[in-house]
Structure formats: structure tokens, C-alpha cells
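Let me begin by presenting the structure, written as C-alpha cells, before commenting on it.
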Amino acid sequence: MNAIPAPILLMENISVDFDGFFALTNITLSLTPGDLRIVIGPNGAGKSTLCDTIIGRVRPTAGKITFKDKLITDIPEQEIVHLGICRKSQTPGVLPTLTVFENLL
């Protein structure tokens, strides 16, 4: 019997409220090692807010986020990056003196 792997990232009941505008409402997301998730939607659907919540740039008004069984909901963004979580912005930017692999790091 195959055991279900434990999630590496777990968002539970996440809501983000910007002065009465709910960008995210009661979102639950679970990622296990090897998973691939694609978030799609129109402009203003909350895709960037979802990513910014994971990396600590935006604080949820409700819910909790755990990474590798560590609660990261209230950890500052600069500490979350040291856990191995970051976000690449949509604006392409490469350093020509680095290899492709080094640019991805």
C-alpha cells in the first residue's frame, strides 16, 4: 500500500482582505513533493496575491500557511526566502555574466 506523501506546502483557509475587498477568500491548497500546480485566471483574480501570500509579502487576514511542517504565516519575507521559497516576477531580468542555471537560482 502506498502512503500519501505529506504536503511540503499547505495553505489552509487563506483569506486576504484589502480594506473590504477580498482578493482571496477561504483558499486551501496543498502541494506534495513533485506536484505541479498552475494558477490561471483573469487580471484581478488573485493570482499574484496568492503567490505574495506564500512568500510573506502579503499577510493573510485569515488562515495559516505551513512549509515543511513549519508555520510560516507570520514569518517575515526575508526569513521565508532562507527556507527556500521565493517568487520570480514577470519582468524578465537576467545577469549576462551568469550561466542559465545561476540566473535561475
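Scan region 34-54 for residues that are over 14 Å from the mean Cα position of the chain (by Cα) and either within 23 Å of Gln78 (Cβ to Cβ) or surrounded by 14 or more Cβ atoms within 10 Å (Cβ to Cβ) (or both) and jot them down. Of everything in region 34-54, nothing turns out to be over 14 Å from the mean Cα position of the chain (by Cα) and either within 23 Å of Gln78 (Cβ to Cβ) or surrounded by 14 or more Cβ atoms within 10 Å (Cβ to Cβ) (or both). When the residues of region 1-33 are narrowed to those that are of a type in the set (Gly, Ala, Ser), touching a residue at least 12 places away in the same chain (Cβ under 8 Å) and out of contact with any Leu (no Cβ under 6 Å at 6 or more places or on another chain), which ends up surrounded by the most Cβ atoms within 10 Å (Cβ to Cβ)? Only one residue tops the list, namely Ala23. Consider Asn2 carefully, then state whether it is touching a strand residue (DSSP E or B) at 6+ places or on another chain (Cβ under 8 Å), not in a helix (DSSP H, G or I) and not basic (Lys, Arg). Against the criterion (touching a strand residue (DSSP E or B) at 6+ places or on another chain (Cβ under 8 Å), not in a helix (DSSP H, G or I) and not basic (Lys, Arg)), Asn2 does not qualify. Among the conditions (1) out of contact with any strand residue (DSSP E or B) (no Cβ under 7 Å at 6 or more places or on another chain); (2) free of Cβ contacts under 8 Å to residues at least 40 places away in the same chain; (3) surrounded by 10 or more Cβ atoms within 10 Å (Cβ to Cβ); (4) not aromatic (Phe, Trp, Tyr), Ser89 misses just one, which is (3). Scanning region 69-79 for residues that are surrounded by 13 or more Cβ atoms within 10 Å (Cβ to Cβ) and either farther than 14 Å from Leu9 by Cβ or in contact with a strand residue (DSSP E or B) (Cβ under 8 Å, 6 or more places away or on another chain) (or both) yields Ile72, Thr73, Glu77.
Does Lys68 count as charged (D, E, K, R) and under 23 Å from Pro5 (Cα atoms)? Against the criterion (charged (D, E, K, R) and under 23 Å from Pro5 (Cα atoms)), Lys68 qualifies.
Read the figures in this text as sums done on the coordinates, not as results from a lab. All values derive from a computational prediction rather than experimental measurement. Heads up, the Cβs are rebuilt from the backbone with ideal geometry, glycines too, and the neighbour counts pull from every protein chain shown.
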